[in-house]
Amino acid sequence: MAKRLAILIAVEKYSDTRINSVQYAEADANGFAAALELAGPIDKVALLSGAATKTTINSKVRQYVKALTTDDELFLFYAGHGFSNNGHNYITCHDTDLDDVKDRSINLQELLDVCGKSACKRIALFLDSCESGITDLPEIRGIYSTMSETELKEFFQAAEYRVCFASCKTSEYSHSTPILKHGVWTYQVIQALEGNDPLALEKGRYVTANSLQNYLSKEIPRTLRKVFTKPVVQTPWFHGSHTGDFVISDLDDVVKQRNAVKPGYDQVKQVFLQMKESVSISSLSGFSKKRGHRVPDSVNGATERFVENTSQQDGGFLSPSAQTLRRGLGDDPVRTGLWVELWVGLSGLIPLQAQERKWWAL
């Protein structure tokens with residue numbers, strides 16, 4: 001029976017403190033592995049931060065890749081810093097040292113050659129790596145070059161069913177954000193592999209090399225616009241040579257299960273949507289300085305009644321479960337969050353919406 005193997009290398013923190021950490025690298029690797037597993041059983045080899053030393057990475061890759069057969073599939077994921085020296089690409093390890101950076105990092109071509117010499121014919125590399133940001137020290141940054149596409153192209157065009165996905169062009173920066181708690185590129189890779197967007201699927205079930213890259217090309221720029229206030233550029237790229245499309249995941253069972261639990265009308269009409277909205281008490285339609293209203297400075301019964309009365313015109317009434325305003329975070333009563341739940345009628349299948357509003361006493 002064909003086997004699927006995922007080797008996950010993520011270097012979030014380095015022993016050399018001069019090397020900047022790579023935010024969410026470990027979360028990216030774990031999320032990627034979990035997403036792959038939705039398509040069926042997969043053997044996982046996880047080398048995260050302290051476990052991702054040069055010796056261990058080389059040893060584990062040789063050990064596990066050697067055992068693969070012709071029908072097996074190999075997924076190699078790397079998140080960390082990378083660079084190029086004399087036209088050769090390198091990926092950094094937990095024990096990479098900036099004083100001897102080339103010899104203490106892994107030559108990516110040599111690692112790929114190990115994979116290429118195995119019996120396995122279906123190889124997919126997911127590379128979330130760039131030179132940008134490796135260190136803040138100007139006297140050291142000058143020794144690096146951006147990773148070379150030429151070397152990668154040669155390997156992945158040399159045989160059928162070898163594909164490489166990279167988070168950005170060699171001259172760009174691979175962005176991460178606390179909003180997603182992932183790198184932007186890997187987050188969208190995970191979304192696709194989980195089947196969360198039909199646009200990433202072919203025939204409603206397959207994540208293929210082509211469908212994934214098409215999806216990433218559209219979603220990465222869109223996501224960057226959503227999570228960053230200033231314009232940023234990150235262009236996902238792809239290399240590969242295949243006569244038939246490389247099927248990365250078959251999500252037929254996942255899609256069928258999700259379709260089976262989609263609610264019908266009888267279920268939908270009993271559902272309540274929930275949302276949160278932050279507004280100031282003084283912005284309520286019933287609040288009026290001309291009537292002598294002032295913003296409460298504490299949480300008590302009088303405040304509850306005041307908010308109830310002034311919110312009547314904002315759609316709804318206080319539900320029995322929210323008759324008591326709840327104090328938010330912080331000890332300062334003037335800046336305390338006051339929470340109240342309103343029921344607001346909606347048209348359509350869903351008759352009511354449970355809307356939880358946060359009233360800031362400002």
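A few comments on the model shown:
- Among (1) at pLDDT 95 or above; (2) assigned to a loop (DSSP other than H, G, I, E, B); (3) not acidic (Asp, Glu) - the single one TRP185 does not satisfy: (2)
- Enumeration of residues in region 78-119 that are of a type in the set (A, V, I, L, M, F, W, C) and under 19 Å from VAL65 (Cα atoms): ILE91, ILE106, LEU108, LEU111, LEU112, VAL114, CYS115, ALA119
- Filter pass, LEU76 being under 18 Å from ASP128 (Cα atoms), part of a strand (DSSP E or B), at pLDDT 95 or above and among the aliphatic types (A, V, I, L, M): yes
- Meets criteria (closer than 14 Å to GLY183 by Cβ and assigned by TED's automatic domain parsing to the domain that holds PHE77) for GLU37: no
- When VAL207, VAL189 are checked against the criterion of being in contact (Cβ under 8 Å) with a residue 24 or more places away in the chain, in the same structural domain as ALA79 (by TED's automatic domain parsing), over 15 Å from the mean Cα position of the chain (by Cα) and under 18 Å from GLY31 (Cα atoms), VAL207 stands alone in meeting it.
- Residue among ALA51, ALA46 that alone is within 24 Å of HIS182 (Cβ to Cβ), in contact with a His (Cβ under 8 Å, 6 or more places away or on another chain) and surrounded by fewer than 22 Cβ atoms within 10 Å (Cβ to Cβ): ALA51
- Residue within region 59-68 that is surrounded by 17 or more Cβ atoms within 10 Å (Cβ to Cβ) and either closer than 26 Å to LYS181 by Cβ or under 18 Å from the mean Cα position of the chain (by Cα) (or both) present: no
- Meets criteria (at pLDDT 75 or above and more than 20 Å from ALA35 (Cα to Cα)) for SER174: yes
- Scanning region 100-129 for residues that are surrounded by fewer than 19 Cβ atoms within 10 Å (Cβ to Cβ) and outside any loop (DSSP other than H, G, I, E, B) yields ASP100, ASN107, GLN109, GLU110, ASP113, VAL114, GLY116.
- Restricted to region 171-186, and to residues there that are without any contact (Cβ under 8 Å) to a residue 60 or more places away in the chain and β-branched (Val, Ile, Thr), the residue that is surrounded by the fewest Cβ atoms within 10 Å (Cβ to Cβ) is ILE179.
- Taking the criterion of being more than 15 Å from GLY116 (Cβ to Cβ), surrounded by fewer than 22 Cβ atoms within 10 Å (Cβ to Cβ), of a type outside the set (D, E, K, R) and touching a helix residue (DSSP H, G or I) at 6+ places or on another chain (Cβ under 9 Å), the residues of region 76-99 that qualify are SER84, GLY87, HIS88, LEU98.
The values are calculated or read from the model by the stated rules, or taken from the named source; none is laboratory data. Predicted, not measured: the structure shown is a model, and the values here were computed from it. Every residue, glycine as well, gets a Cβ built from its backbone with ideal geometry; the counts of neighbours run over all protein chains shown.
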